[in-house]
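Before we start, here is the structure in question, set down as structure tokens.
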There are 2 protein chains.
Amino acid sequence: MADRVEAYQRLFQHGGDINSAAAAFPEAPAPWIDLSTGINPVPYPLPEIAPACWTRLPSPAGLAKLEAAAAARYGCEPGQVVAAPGTQALIQFVARQFAASQVAILGPTYSGHETAWRAAGAEVGLVAEAAELAGAAHRVVVNPNNPDGRRLPAATLRALAADARLLVVDEAFGDFGAESLAVDPPPATIVLRSFGKTYGLAGLRLGFAVARVEIASILRAALGSWAVSGPALEIGARALADGDWLAKARARLEADARWLDGLLARAGFEIVGGTPLFRLAARPDAETAFAALCRLGVLTRPFRERPDWLRFGLPAPEDRTRVAAALSAL
Amino acid sequence: MADRVEAYQRLFQHGGDINSAAAAFPEAPAPWIDLSTGINPVPYPLPEIAPACWTRLPSPAGLAKLEAAAAARYGCEPGQVVAAPGTQALIQFVARQFAASQVAILGPTYSGHETAWRAAGAEVGLVAEAAELAGAAHRVVVNPNNPDGRRLPAATLRALAADARLLVVDEAFGDFGAESLAVDPPPATIVLRSFGKTYGLAGLRLGFAVARVEIASILRAALGSWAVSGPALEIGARALADGDWLAKARARLEADARWLDGLLARAGFEIVGGTPLFRLAARPDAETAFAALCRLGVLTRPFRERPDWLRFGLPAPEDRTRVAAALSAL
């Protein structure tokens, strides 16, 4: 029983932990439907992967090709892009590389930033308004924000960059039409872009930092050689160059988000915000609803500090019927 | 022409850069045979990879399974093992995490250690004898050493650990019967183990640190969540548990190394040392021999500071005939 309670608590820390969900709710019907992350449920189709991608060290030429594809996608120069084995790896590196005594983070938001900066010895202040970020020289904004989808205009962020020692703009959910600071990043700014969420390949571990060349060079040296796997070089370069797939994915996700919003409204939730990859919904008894959904094998994302919130990822097409039934049963 | 010279220079920095070899020697017959690394040319057979390995965030349970398999292979406790996306990522992290003013490295050896510590702001001294390592509180030994295969006894390394602030023992080539410090790691010691070399899957990016639990916890926190890809969790757990494959790989590599040593001796090289994954051979005109082999499409590893040395990886069975012909033509 203590194990079940511990497993239940873990569901408030990070999304995607189906094993803990199954341990906390052993009676739930299998398979679980995982709506606890903001990962596209319809992944980019995996191409044939050449054996050399697995067997050889990832080549400098393959890395250059990937970073060129990312630069074209994000609207910046290849020298401004640094590929990494996931955005989380960059968050860890940045916190250690740009040692800070105080960091201001616009919150509530993805907890990984706070955890990384604290582990690197910084005092972290979560602030509720963008203007309060000016209280610290090191500043972090997730834009669009996770979990509420709040968007700051690029002009606000550029003004925040102007007198910062470092501004981190985490655009993990920025692939769908939000204004991006990756287009001409200001000085002292690191923009983070995720690959795995939009392309539905979170297990691949691929993410990017976009920054002016001086900062990009520092990050490149910090990551060292062969940071990104051979399969990630190959799959990432192909997917990022595929504008058609991205446009179709966006249209499908936006339609699915409208469909989910309708279900959530009928289930008594108020839509607080979101992006095409997730919806944030409020109901006074959200934690009770969370547990009820878990018992039906549908994992969503609860928040310890906001017991009235649940975040919903978008379901795969084949899971829509079960999700609709689970929400109507609430 | 300037491009060709630059490409040629890059071949002295790291092995495995076939693109630069082809740029420096455009007249070489394709395909190139890459003997410039110490990567097993017969890779562990790739299992079917479940789609969820690509699409989902790597799970804590999958990571625990991988680290348990690594612990069983290396003879330590699972809590002492930290998986990372390649040993190079650990080298980068360790240099930043354990900030040092002075670092002593037993050399000549793999240059990645020196580069990472210098980038982290340390003054690095390369020393020729193990006893000289005691001159600095932070110490690095590659054991068995790359490129010469020199092995220090475990007792010598444990004595070096006793009064060190940090001892890094890089056992990247330690899978084939060398005494390992991973079995009961001393305090203040980090043992690095490579996966990609022995298993012939360098593109996968997987490596391990082995240390006492306190240090392992620091490294785990520094790496953060989801550091290792889904495919690496799956393939790594299976391969590390496969003792039969490892025993057969060792027997084949040792036989191939004897065969290569014979060819090298007939080509006028003296065998300086090595491991089952590479041989270091000396000839006064080694750089001339390097270029001659390149013109035949055989890439080996030259050393700027030791123009009399060449390092040879083991060829794949299908490449033996061409390698033998190239060496006899010297």
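Does A:R165 satisfy being at negative phi, of a type in the set (K, R), away from chain B (no Cβ under 14 Å) and within 19 Å of the chain's Cα centre (by Cα)?
Against the criterion (at negative phi, of a type in the set (K, R), away from chain B (no Cβ under 14 Å) and within 19 Å of the chain's Cα centre (by Cα)), A:R165 does not qualify.
Being within 12 Å of chain B (Cβ to nearest Cβ), within 13 Å of A:T87 (Cβ to Cβ) and free of Cβ contacts under 8 Å to residues at least 60 places away in the same chain, is that true of even one residue in region A:210-222?
no
Sticking with this one: Against the condition crowded, with 24+ Cβ neighbours inside 10 Å and β-branched (V, I, T), how does A:V213 come out, does it pass?
For A:V213, the condition - crowded, with 24+ Cβ neighbours inside 10 Å and β-branched (V, I, T) - is not met.
With the structure loaded, tell me whether B:E318 is without any contact (Cβ under 8 Å) to a residue 24 or more places away in the chain, assigned to a helix (DSSP H, G or I) and crowded, with 17+ Cβ neighbours inside 10 Å or whether it fails that test.
no
Could you please find all residues in region A:173-195 being among the small types (G, A, S) and either open to solvent by 10 Å² or more (accessible area, probe 1.4 Å) or over 25 Å from A:L314 (Cβ atoms) (or both)?
Residues satisfying the conditions are A:G177, A:A178, A:S180, A:A188.
To continue, here is another question. Which condition does A:A247 not pass, out of (1) closer than 28 Å to B:W54 by Cβ; (2) within 14 Å of another protein chain (Cβ to nearest Cβ), if it passes all the others?
(2)
May I ask you to say which residue of A:G86, A:G75 is within 11 Å of another protein chain (Cβ to nearest Cβ) and under 25 Å from A:L223 (Cβ atoms)?
A:G86
Test B:R158 against the stated conditions and say whether it is modelled with pLDDT of 95 or more, part of a helix (DSSP H, G or I) and either closer than 25 Å to B:A99 by Cα or open to solvent by 10 Å² or more (accessible area, probe 1.4 Å) (or both).
Taking the combined requirement at face value, the residue satisfies it.
Among residues belonging to region A:41-54 that are open to solvent by 40 Å² or more (accessible area, probe 1.4 Å) and at the interface with chain B (Cβ under 7 Å from one of its Cβ atoms), point out the one that is nearest to A:Y199 (Cα to Cα).
A:P43
Among the residues of region A:21-30, are any open to solvent by less than 10 Å² (accessible area, probe 1.4 Å) and either within 11 Å of another protein chain (Cβ to nearest Cβ) or within 29 Å of A:V5 (Cβ to Cβ) (or both)?
Looking through region A:21-30, at least one residue is open to solvent by less than 10 Å² (accessible area, probe 1.4 Å) and either within 11 Å of another protein chain (Cβ to nearest Cβ) or within 29 Å of A:V5 (Cβ to Cβ) (or both).
Could you grab me the full set of residues in region B:91-101 that are more than 10 Å from chain A (Cβ to nearest Cβ) and either open to solvent by less than 10 Å² (accessible area, probe 1.4 Å) or in contact with a His (Cβ under 8 Å, 6 or more places away or on another chain) (or both)?
B:V94, B:F98, B:A100
Under 7 Å between Cβ atoms, at least 6 apart or on separate chains: pull out the pairs that start in region B:13-31 with a residue that is among the aromatic types (F, W, Y) and end on any residue that is open to solvent by less than 20 Å² (accessible area, probe 1.4 Å).
Within 7 Å, the pairs are B:F25/B:C294.
Which of the residues belonging to region B:115-137 are assigned to a helix (DSSP H, G or I) and more than 14 Å from B:V168 (Cα to Cα)?
Hits for region B:115-137 are B:T115, B:R118, B:A119, B:A131, B:E132, B:G135.
Continuing with this model, one more query. Residues that are within 19 Å of A:Q13 (Cα to Cα), open to solvent by 60 Å² or more (accessible area, probe 1.4 Å) and of a type in the set (A, V, I, L, M): does region A:119-136 have at least one?
yes
The values are calculated or read from the model by the stated rules, or taken from the named source; none is laboratory data. From a predicted model like this one, the values you see are computed outputs, not experimental measurements. In this analysis, Cβ positions are derived from the backbone assuming ideal geometry, glycine residues included, and neighbour counts consider all displayed protein chains. Heads up: the accessible areas ignore ligands, DNA and RNA and are worked out on the full protein's heavy atoms, side chains in. Shrake-Rupley method; radii C 1.70, N 1.55, O 1.52, S 1.80 Å.
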